[in-house]
1. Name the shape class, rounded, prolate or oblate, that the alpha-carbon gyration tensor gives for region 137-190, where a ≥ b ≥ c are the square roots of its eigenvalues, rounded holds for a/c under 1.5, and otherwise prolate holds if a/b is larger than b/c and oblate otherwise.
2. Sort 429-436, 518-525, 372-379 by packing, meaning the average of other beta carbons within 10 Å per residue, with the highest value first.
3. Report the FRET efficiency, 1/(1 + (r/R0)^6), for residue 170 and residue 19, where r is their Cβ-Cβ distance and R0 is 51 Å, rounded to 0.05.
4. Given the peptides 190-202, 410-422, arrange them by the average over their residues of other C-beta atoms within 10 Å, most packed first.
5. Relative contact order of the chain: what whole-number percent is it, with Cα pairs under 8 angstrom and at least 6 residues apart?
6. Could you tell me the distance between the Cα centroids of region 387-458 and region 28-97, to the nearest Å?
7. Suppose R0 equals 41 Å. What FRET efficiency, 1/(1 + (r/R0)^6) with r the Cβ-Cβ distance, do residue 222 and residue 406 give to the nearest 0.05?
8. I'd like the orientation of helix 484-501 relative to the chain: the angle between its Cα long axis and the longest Cα principal axis, in ° from 0 to 90, rounded to 10.
Ligand code: GLN
């Protein structure tokens, strides 16, 4: 902040900090926000500012100077909102109907909350609705068992293999252990482990301790609740779960011969814990952050336990669609039949969705679709970093998008200027794309020639040279005599050429080519349907993920909306 800027008010500073994603309730800035809130709209001097922030200087500096893990937080939030809105249209699936409270839940509800490992938070839609966490409880009951009983003893009773079977199946491993802690049989067993470790305590007290774990994980941003109604209905309809429990008792035997009903009460009570999407997102962020809650700084679970918990979630968190989920999304996640999905992007963030309609595996339809769409746009799949720079041009929000674009363009310009063959190839293909996107709609007018030369100047960092302008003008003249079919042939040829060239193009080259076409397509302030189709064809030819193009289009439309006067 400049020392001569004495007109800044306290609330403006508070707002600026909030724009970085740091919530005004964040403990790390409690003193700063406390003082700023007291001062309200009072103008403050630079000296007063220094005084206000001095005790939390490092954190304030990080928030104000874009040093948090997602630097362009507002842009990221806007992009996420575009995915959120798109997924809302999906009305597929059905509520769970085995107990009234889930059957009667409002199917339209849709919420998404995110929290980064730096505690940047966003929330959209129905994020404050308490719902039973159901199977989302399972990995954490496992983590609790590991912490209390150790790895060796825990795994004497529960396996670590994906089951490939529905979550409520009675199947066991050949050695009679349940497949893993994320299916009912495994979760009943881990509930038994925890129950058996506290012989003096009843199921209610034990559940209370597990709720304390959840409270620590979610930074106690709101109280963890228990739904008596859910618990009673669960118990009434738990024949299959009791069958599983009896089978465990008969086959493997229960840990320390724990009472089967106490074990089941702990299991069913864990399913009946109630939380909100906001709370689950912070819990997921704590897992993403190796067990340290980002918004309280407290180590809730050891990193070793978190590592194992995430591995199990990856292998089995989405039940018998865990394989497809790993293939397509590639992130550790856990769903529950009330409609929650809790997802961890290791070292970056956690998020949770809530939408009650489920697919045939028991996973929230919108939750799963959101994950797919997210990973189609961002390099979050665990193996996205394998692709030698060819991720489909997906974004990494850890880096400022505009800085990266600037850096790539200046690399290209420098290379092309100095005769680099690759840079010149990218430049040629970019120009071809600009031209054919103009020709394809059957008109190449003076205004379009102007838009190409403008886009060229921006991308290449120098004015369009004489030969390009002559080429454009002769195309403009000749084009009038061309049929529409011939014009589309030019475009098809370009697509064919891109499909061949893409083998040699890295993400930077591909992105600059698409960007060139994009700038010409939107130079008149709108991207027509036909232009969107062409951009899609170019993106497809370059193997750029469709989602990335959607982000570009949505970003452009936001810019246009921000510029147009309110109606
Ligand atoms: N209460 C449910 C059961 O025990 C939990 C299952 C789930 O969320 N997938 O079957």
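None of the figures in this text is laboratory data; all of them are computed from the coordinates on show. Just so we're clear, the structure is a prediction, and the values are computed from it rather than from any experiment. Using ideal geometry, Cβ is built from the backbone for each residue, glycine included, and neighbour counts are taken over all protein chains shown.
1. Working: a/c = 2.45, a/b = 1.46, b/c = 1.68.
Oblate.
2. Packing order, densest peptide first, comes out as 429-436, 372-379, 518-525.
3. On the way: r = 52 Å, r/R0 = 1.03.
After rounding to 0.05, the efficiency reads 0.45.
4. Values: 190-202: 21.2, 410-422: 14.1.
Going by the mean number of other Cβ atoms within 10 Å, highest first, we get 190-202, 410-422.
5. Values: 987 pairs, mean separation 82.9, N = 567.
Over the chain, the number comes to 15 percent.
6. 33
7. Working: r = 41 Å, r/R0 = 1.00.
The calculated FRET efficiency here is 0.50.
8. The angle comes out near 60 degrees.
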